[in-house]
Amino acid sequence: MLDFTPFYAKLATNKLHSWLQTLPAQLADWQKHALHGDFKQWQKVISNLPATDVSTIELSNAVQFGAAADISSGETERIRYLLQQLKPWRKGPFNIHGIEIDTEWRSDFKWDRVLPHISPLSGRTVLDVGCGSGYHLWRMRGAGAQFVVGIDPSQLFYSQFQAIKHFNPDPDVHLIPVGIDDMPAIAQFDTVFSMGVLYHRRSPIDFLQQLKQQLRPGGELILETLVVEGDEHHVLVPGERYAKMRNVWFIPSTLALCHWLSRLGFKNPKVVDLTMTSLAEQRATSWMENESLIDFLDPTDHSKTIEGYPAPLRAVITATV
Ligand SMILES: C[S@@+](CC[C@H](N)C(=O)[O-])C[C@H]1O[C@@H](n2cnc3c(N)ncnc32)[C@H](O)[C@@H]1O
């Protein structure tokens, strides 16, 4: 059984305590009935990671725990081997004792587009919905957040997060392996992020409402998602696949998205960044050897996906409640 007691102890003494009414039963049930077939194997990898002396912790410019010189070359090889058992690594990069986990996504590019435009995170209690393996959780903490919680139902991402947290067991950074539908309306977070999730939702407006229900009055939403060009009534609902992904439902224009946010009662929705995904930001590496963006675009015209839709264009939108 995984031990979530340290997280529950934190909840008991902070403003998120109402979550304790539902979460422990959900996580107990999940562990009994819904574990992935490889989950035991991933947990074994984590239990084999050696304890090390971590000389440095860098969260402001990168996620880097420890230096190469802290450990022997034998330990380096052992840790590299174990971390590679958790492939594919999609979100990062992470540097652990000099081992560079070169992930498919340069998630730091996204963070650099987001950070200059948001209310300072110092002292804030923050939620990241669909946080992947938690790269941005660490950067949020590095930007001064007091307590950081990510939720993501992917058990591989959860295991990758545990592997990284092994080298920096910060008691105020947590990934909880549940989806947004499992969360009660807590209405206490100062900032809610959701990056790269909206287009995967079949009911995007309900999803935005769920995000709103996590925020305290005056709190800030930071939404990052795929968008298309067009007016406030323009939304792309692709066919079976978009950029080879099967689970893409709604790709609105930024004007439509701002309109949805206003209809839901969000204040001051602002588009603060608009960027085409580049082949430098999303690519195959030795830590993620499957297909990547280059395989998802029309080989003769990179402004289109392989299905003929506009190539991935991503917006960052902020709003308050
Ligand atoms: C494209 S990734 C984005 C990861 C990260 N936020 C980023 O921007 O790089 C989408 C994530 O949403 C997660 N996800 C899918 N359904 C979800 C749900 N119902 N609630 C929360 N997260 C969900 C997936 O597991 C996946 O990690």
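The values are calculated or read from the model by the stated rules, or taken from the named source; none is laboratory data. For clarity, every value in this text was computed on a predicted model and none was experimentally measured. Neighbour counts run over all protein chains shown; Cβ positions are idealised from the backbone, glycine included. The area values use the complete protein model at the heavy-atom level, side chains included, leaving out ligands, DNA and RNA. Shrake-Rupley method; radii C 1.70, N 1.55, O 1.52, S 1.80 Å.
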To the nearest 20 debye, what charge dipole does region 1-118 have about its Cα centre, counting +1 at the Cβ of each Lys and Arg and -1 at the Cβ of each Asp and Glu?
480
Round to the nearest 0.05 the FRET efficiency obtained for S72 and A187 when R0 = 51 Å and r is the Cβ-Cβ distance.
0.55
So what's the back-of-envelope 222 nm ellipticity for the chain, counting only DSSP H runs of four-plus at -39500 (n - 2.57) apiece and dividing by all residues, rounded to 500?
-8000 deg cm²/dmol
Say the dipole of region 5-320 comes from +1 at the beta carbon of Lys and Arg and -1 at that of Asp and Glu; which of M183, I294, I317 then lies farthest toward its positive end?
M183
Charges at C-beta only: +1 for Lys and Arg, -1 for Asp and Glu. How large is the resulting dipole of region 5-320 about its Cα centre, in Debye rounded to 20?
700
Tell me the GluC sites (Glu not before Pro) within region 234-320 that lie in a loop according to DSSP and have at most 13 other beta-carbon atoms within 10 Å.
E240, E289, E291
Would you grab the residues whose amide H sits under 5 Å from the one on M195? Only those 5+ places off in sequence or on another chain, please, with H modelled 1.01 Å from N.
V129, E224
Could you work out the pair-distance distribution P(r) of the chain from its alpha-carbon pairs, with 20 angstrom bin width and percents rounded to whole numbers?
31, 60, 9
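At 1.4 Å probe radius, can you tell me the per residue accessible area of the chain in Å²? List each step's numbers first, then the result.
On the way: 13880 Å² over 321 residues.
About 43 Å² of surface per residue is accessible.
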Compute the normalised compactness of region 235-315: alpha-carbon radius of gyration over 2.2 N^0.38 Å, N being the residue count.
1.28
Summarise the accessible area of region 5-320 (1.4 Å probe, protein heavy atoms) by the percent that is carbon and sulfur.
51
